[in-house]
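Below is one structure; the comments refer to it alone.
The values are calculated or read from the model by the stated rules, or taken from the named source; none is laboratory data. Small disclaimer: the values here were computed from a predicted structure and weren't measured. For neighbour counting, all protein chains shown are included, and Cβ atoms are generated from backbone atoms with ideal geometry for every residue, glycine included. Accessible surface areas use protein heavy atoms only, side chains included; no ligands, DNA or RNA. Shrake-Rupley method; radii C 1.70, N 1.55, O 1.52, S 1.80 Å.
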Amino acid sequence: GDESGAREHAAEAIELAATGGAALVLANAEWALGQLELTLGRPGEATDRLLLVSALERPESNRLIGLWSIPDLIEAAARSGRLDETVDRFERYADWVQHSPSPARLSLLARCRALTGEGDVREQFETALAADASISPFLQARTELLYGEWLRRERQPREARRHLRRAADLFRQVGAPPWEERAEAELRATGETTRRSDPSTLDQLTPQELQIAGLVADGMTNREIAAQLFLSPRTIDYHLRKVFSKLGVASRTELVRMGVQQHEPV
């Protein structure tokens, strides 16, 4: 989100690439500027730039960057209502992934298919977020955000909140404030008030209490949590009362609003 810094570095890279004939560096810098526009909430400008980056007929284009940038282009075009301009790029990307598949590429292809409405949208998003997708936390957060936005438009606020909370948490962890703010704005649009958890307060919880708090924040009932942790609902209720007391909250709703991140089983 550092617009001035990003533009300064990109301009320097483009200048150096022009003198040295480094097409890869030039394409990378142009891709970065397209990502910057997307980050700053300017999808139309991002679409314009990424269409150029992915246009193979340009002498200065780089084939690999042209392919790698297509998921960003599809997202920008979907946000700006210009998917009709990206049909050839999407087909090229899908053909490449199918001939050279990897978990990360298949995840991004599924996300593109969800955005273009190809097949069952929910199924495509679930495929994109599969446990073996091997995508970076930043890319996962962006997929969670897109899925949450779609679910909210489909009038499924409870399910949307789950994905939007994950998106906000991941953006916070990787240090992407503009994206975090967008996820939190979407979360508020579902009717939930975002509230950042205080790490010093969470430190009071035992590992099991923290795990249970995360599952509650993820929308699970006491019975569902008990089944997952192989405990009785009464035991879950006991631990949850202790969580409420330590965190100073009085209800599950308040706990959800803290946005406690789900933790791995202890």
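Among what's in the stretch 32-42 and is touching a Gly at 6+ places or on another chain (Cβ under 9 Å) and buried (at least 16 other Cβ atoms within 10 Å of the Cβ), pick the residue that is nearest to Ala183 (Cα to Cα).
Only one residue tops the list, namely Thr39.
Looking at the stretch 110-122, I want the residues that are within 19 Å of Ser80 (Cβ to Cβ) and have a partner that is open to solvent by 50 Å² or more (accessible area, probe 1.4 Å) and not in a helix (DSSP H, G or I) with Cβ atoms under 7 Å, at least 6 apart or on another chain. Which pairs are those?
Arg113/Gly119
Here is a list: Leu139, Leu38, Leu67, Leu51. Which entry is over 21 Å from the mean Cα position of the chain (by Cα), within 26 Å of Val25 (Cα to Cα) and not charged (D, E, K, R)?
Leu51
From the list Glu224, Glu254, Glu192, Glu264, which one is outside any helix (DSSP H, G or I) and modelled with pLDDT of 70 or more?
Step by step, each of Glu224, Glu254, Glu192, Glu264 is checked, and only Glu192 is outside any helix (DSSP H, G or I) and modelled with pLDDT of 70 or more.
Of all the residues that make up the stretch 5-22, how many are open to solvent by 30 Å² or more (accessible area, probe 1.4 Å) and closer than 30 Å to Leu115 by Cα?
Adding up the residues that qualify gives 2.
Among the numbered conditions (1) surrounded by 12 or more Cβ atoms within 10 Å (Cβ to Cβ); (2) within 24 Å of Ala23 (Cα to Cα), tell me where Asp88 comes up short.
Unmet condition: (1).
So which pairs qualify, if the first residue must be in the stretch 29-43 and among the hydroxyl-bearing types (Ser, Thr, Tyr), the second must be in a loop (DSSP other than H, G, I, E, B) and open to solvent by less than 40 Å² (accessible area, probe 1.4 Å), the Cβ gap must be under 9 Å, and the two must be at least 6 apart or on different chains?
Within 9 Å, the pairs are Thr39/Ala176.
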